[in-house]
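Encoded as C-alpha cells, here's the structure I'll be asking about.
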Amino acid sequence: MMYQAFQTQSDLMSPLRYLASHTSYVLSLRHPPGSPFRKLSAASEVFSRMKLTHKRPAYRIDKVQVAGETTPVVEEKRLSLPFGTLLRFKKSLPAGVPAHPPVLLVAPLSGHFATLLRETAHTLLQDHDVYITDWHNGRDVSMQHGAFSLDDYIEYMMLFLEAIGPGAHVVAVCQPCVAALAAVAIMAEDDNPAQPRSLTLMAGPVDCRVNPSAVNELAVSKPISWFEKNLISRVPLPHSGHGRRVYPGFMQLSAFMSMNPERHKKSFRDMYQFLVNDEIDKADTIRTFYDEYLAVNDLPAEFYLETVEKVFQTYDLAKGNFRYRDRLVNPAAIRRTALMTVEGERDDICSIGQTMAAQELASSVKPFRRVHHIQMGVGHYGVFSGSKWKQQIYPRVREMIYANAA
C-alpha cells in the first residue's frame, strides 16, 4: 500500500505541477525581474520542480578532449539485458593516437541512476575507452524476467566484461566494490580470458567492521526482517514491473533528504530568489543538481536485502564466507589482475580502511602490482568527482591502468 499511496499522490499532483510549469514560463516572458508577477513565476517554477522523476537523466557526454583535440562522443549499447545495459561512450581518436585501453566503470545499483558517475566517466574518457553499467529502474522491468539478486549483479558484471573482451580494466565505485572483487575472483579461478588486467576499488564497503560509520551502524541496528517488512513494497499499476518487490527510490531519497533538510530548503529558496532576480545561470546550477538528485531508481528487493545482509551485517566476503550461486568466493585466486584501492580521508559513508581491506583479501596479487591511495581533504563523493578527483586521484588511476595495459 505504501507504493500505491505514493503513486496516487503523484498522479493527483501531476496536473497542478504541469499548470505551474506553464504559468511560470508565460509570466517570466512578460514581466521584468523583481516584479510581483515575476515572483509568482519563480514560485510556480520552484513548485513544478519539487517532484520526483523515475527516468534516467541524460549523461550529457557528447564530446571530450583527447590529445588536445575535441572529439565527439556517442552512446552505444553494447549489451542489453533486462536489468541493465552495457553502455559504451564511443569516440574517434585523433590521427596518430594509439588505441585507448577499455575500462568498465561499475556504478552502484542504488536509489539513483548510474548518471551520478557522469563526471567520473567523462574524466576517464580522456584516456580510456569507457563502458558503464547502466542499471535499469526496477519498476520498469516486467515480472517475466524474474528476480534480480546480488548473484545476478555479479553475473551481469562478468557478462559485461566478456562482451568487452580480453584486456579490459575495471573501476568500481562505492557499493559494487564487493561484487566487483567477487566477480574478478571467480573469473580468475576459472581462468576466464576476459578477467580484467586491473581492478580499481573506490570508496567501497569491502569490510564494514573497520572504523564503522553511521551508515554501518544503522545497517546493524535492526535485523534483516525489519528491512524487509518496513522498506520493501510492490510496484503498482500501470508500471511495466507491477507486482515486483522493490526498495522504492522515493524512500531512499526521503531518508537522504531527512539527514540534511535545511540544506535542501535553502537550495530551493535560493533558486526562487535567483529566478526573481533573473540570475538564470545561478538558478540553472540548482536546477541541474535537482534534476539528477530527484531522479529515483527502484532497487529489486532481492538485491537490496542481500546487499544489506551479506555486505553490511554479516561481512561475508571479509570473513571468507561469501558465496556466488552456492560457490565459495576466494579473492586469493586473483593473480593476474593488478589491484588499486582508493579512499577519502573525510569519507563518512565508507570509512578509511574498509576499501583497503581488499588488499589483504587478494593476497596472491604481487606487491608491485598493488597500490593503495588515501586522498586527503575529500569525503565520499570527492573520491570520484570534483577537483581532487580530476587533479590528484585520476592521474594515479590512469597510471595504474596504463602500467598494466600490456
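Residues checked against (1) open to solvent by 10 Å² or more (accessible area, probe 1.4 Å); (2) in contact with a His (Cβ under 7 Å, 6 or more places away or on another chain); (3) among the acidic types (Asp, Glu):
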| position | (1), (2), (3) |
| --- | --- |
| 324 | yes, no, no |
| 332 | yes, no, no |
| 343 | no, no, yes |
| 359 | yes, yes, no |
| 370 | yes, no, no |
| 382 | yes, no, no |
| 403 | yes, no, no |
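Also: Restricting to region 279-293, and then to whatever is open to solvent by less than 70 Å² (accessible area, probe 1.4 Å) and over 24 Å from residue 112 (Cα atoms), can you tell me which residue is farthest from the chain's Cα centre (by Cα)?
279
While we're on this one: Examine region 301-314 for a residue that is over 27 Å from residue 372 (Cα atoms) and open to solvent by less than 10 Å² (accessible area, probe 1.4 Å), and state whether such a residue exists.
Yes, some residue in region 301-314 is over 27 Å from residue 372 (Cα atoms) and open to solvent by less than 10 Å² (accessible area, probe 1.4 Å).
Can I ask one more? Going by what's in this entry, would residue 145 be described as closer than 21 Å to residue 238 by Cα, touching a Phe, Trp or Tyr at 6+ places or on another chain (Cβ under 8 Å) and surrounded by fewer than 21 Cβ atoms within 10 Å (Cβ to Cβ)? Can you show your working first?
On the way: closer than 21 Å to residue 238 by Cα: yes; touching a Phe, Trp or Tyr at 6+ places or on another chain (Cβ under 8 Å): yes; surrounded by fewer than 21 Cβ atoms within 10 Å (Cβ to Cβ): yes.
Taking the combined requirement at face value, the residue satisfies it.
Working only within region 237-277, note down all residues that are charged (D, E, K, R) and surrounded by fewer than 15 Cβ atoms within 10 Å (Cβ to Cβ). Give the derivation first.
In the first step, residues of region 237-277 are kept if they are charged (D, E, K, R); the result is 244-245, 262-263, 265-266, 269-270.
Once the filter is applied, which keeps residues that are charged (D, E, K, R) and surrounded by fewer than 15 Cβ atoms within 10 Å (Cβ to Cβ), region 237-277 yields 262, 263, 265, 266, 269.
Moving on. Take region 133-158 and flag every residue that is touching a strand residue (DSSP E or B) at 6+ places or on another chain (Cβ under 7 Å) and part of a helix (DSSP H, G or I).
138, 139, 151, 154, 156, 157
Let me ask something additional. Residue 224 is checked against (1) without any contact (Cβ under 8 Å) to a residue 40 or more places away in the chain; (2) open to solvent by 20 Å² or more (accessible area, probe 1.4 Å) and fails just one. What number does that condition carry?
(1)
Could you check region 38-84 and list, in sequence order, the residues that are open to solvent by less than 50 Å² (accessible area, probe 1.4 Å) and among the small types (Gly, Ala, Ser)?
Within region 38-84, 41, 42, 43, 44, 48, 84 meet the criteria.
Of the numbered conditions (1) touching a strand residue (DSSP E or B) at 6+ places or on another chain (Cβ under 6 Å); (2) open to solvent by 60 Å² or more (accessible area, probe 1.4 Å); (3) not β-branched (Val, Ile, Thr), residue 202 fails exactly one; give the number of that condition.
All conditions pass for residue 202, except number (2).
Also, I was wondering about something else. Restricting attention to region 345-356, report how many residues are modelled with pLDDT of 95 or more and open to solvent by 20 Å² or more (accessible area, probe 1.4 Å).
4
Determine which member of the set 80, 48, 14 is among the polar types (S, T, N, Q) and touching a helix residue (DSSP H, G or I) at 6+ places or on another chain (Cβ under 9 Å). Quick ask: steps written out before the conclusion?
Working: 80 fails: touching a helix residue (DSSP H, G or I) at 6+ places or on another chain (Cβ under 9 Å); 14 fails: touching a helix residue (DSSP H, G or I) at 6+ places or on another chain (Cβ under 9 Å).
Of the residues listed, the single one that is among the polar types (S, T, N, Q) and touching a helix residue (DSSP H, G or I) at 6+ places or on another chain (Cβ under 9 Å) is 48.
Can you spot a residue in region 366-382 that is assigned to a helix (DSSP H, G or I), closer than 19 Å to residue 171 by Cα and small (Gly, Ala, Ser)?
Among the residues of region 366-382, at least one is assigned to a helix (DSSP H, G or I), closer than 19 Å to residue 171 by Cα and small (Gly, Ala, Ser), which makes the answer yes.
Does residue 88 satisfy the condition of being of a type in the set (D, E, K, R), crowded, with 19+ Cβ neighbours inside 10 Å, assigned to a helix (DSSP H, G or I) and under 18 Å from the mean Cα position of the chain (by Cα)? I'd like the intermediate steps shown before the answer.
Working: of a type in the set (D, E, K, R): yes; crowded, with 19+ Cβ neighbours inside 10 Å: yes; assigned to a helix (DSSP H, G or I): no; under 18 Å from the mean Cα position of the chain (by Cα): yes.
Judged against the criteria, residue 88 is not a match.
Is it true that residue 233 is open to solvent by 30 Å² or more (accessible area, probe 1.4 Å), within 25 Å of residue 144 (Cα to Cα), in contact (Cβ under 8 Å) with a residue 24 or more places away in the chain and of a type in the set (S, T, N, Q)?
On the way: open to solvent by 30 Å² or more (accessible area, probe 1.4 Å): no; within 25 Å of residue 144 (Cα to Cα): yes; in contact (Cβ under 8 Å) with a residue 24 or more places away in the chain: yes; of a type in the set (S, T, N, Q): yes.
When the stated conditions are applied, residue 233 does not pass them.
Same structure, new question: Whether any residue in region 98-118 is closer than 19 Å to residue 400 by Cα, outside any strand (DSSP E or B), at pLDDT 95 or above and of a type in the set (Ser, Thr, Tyr) is what I want to check.
no
Here's something else I'd like to know. Does region 324-358 hold any residues that are more than 22 Å from the chain's Cα centre (by Cα), part of a loop (DSSP other than H, G, I, E, B) and either closer than 18 Å to residue 368 by Cα or among the hydroxyl-bearing types (Ser, Thr, Tyr) (or both), and which are they?
Of the residues in region 324-358, the ones more than 22 Å from the chain's Cα centre (by Cα) are 324-338.
Next, only the ones that are part of a loop (DSSP other than H, G, I, E, B) stay: 325-326, 329-330, 334-337.
334, 335, 336, 337 - these are the residues of region 324-358 that are more than 22 Å from the chain's Cα centre (by Cα), part of a loop (DSSP other than H, G, I, E, B) and either closer than 18 Å to residue 368 by Cα or among the hydroxyl-bearing types (Ser, Thr, Tyr) (or both).
Could I ask something else about it? Which residue is surrounded by the most Cβ atoms within 10 Å (Cβ to Cβ), if the candidates are limited to region 205-221 and must be in contact with a Cys (Cβ under 9 Å, 6 or more places away or on another chain) and aliphatic (A, V, I, L, M)? Give the derivation first.
Initially, region 205-221 is screened for residues in contact with a Cys (Cβ under 9 Å, 6 or more places away or on another chain), giving 205-206, 208, 213, 215-216, 219-220.
So of that shortlist, the ones also aliphatic (A, V, I, L, M) come out as 206, 215, 219-220.
Working: 206: 27, 215: 15, 219: 20, 220: 15.
In this case the residue turns out to be 206.
Something else now. Kindly list, by first and then second residue, each pair from a residue in region 163-182 that is within 11 Å of residue 198 (Cα to Cα) and open to solvent by less than 10 Å² (accessible area, probe 1.4 Å) to a residue that is among the basic types (Lys, Arg) and modelled with pLDDT of 95 or more, limited to pairs with Cβ atoms under 6 Å and residues at least 6 apart or on different chains.
Once the first residue is within 11 Å of residue 198 (Cα to Cα) and open to solvent by less than 10 Å² (accessible area, probe 1.4 Å) and sits in region 163-182, its partners that are among the basic types (Lys, Arg) and modelled with pLDDT of 95 or more give 169/197.
The values are calculated or read from the model by the stated rules, or taken from the named source; none is laboratory data. These numbers come from a predicted model, not from an experiment. Counting neighbours? That spans all protein chains shown, and the Cβs are built from the backbone with ideal geometry, glycine included. These area figures cover heavy atoms from the full protein model, side chains too; ligands, DNA and RNA do not enter into them. Shrake-Rupley method; radii C 1.70, N 1.55, O 1.52, S 1.80 Å.
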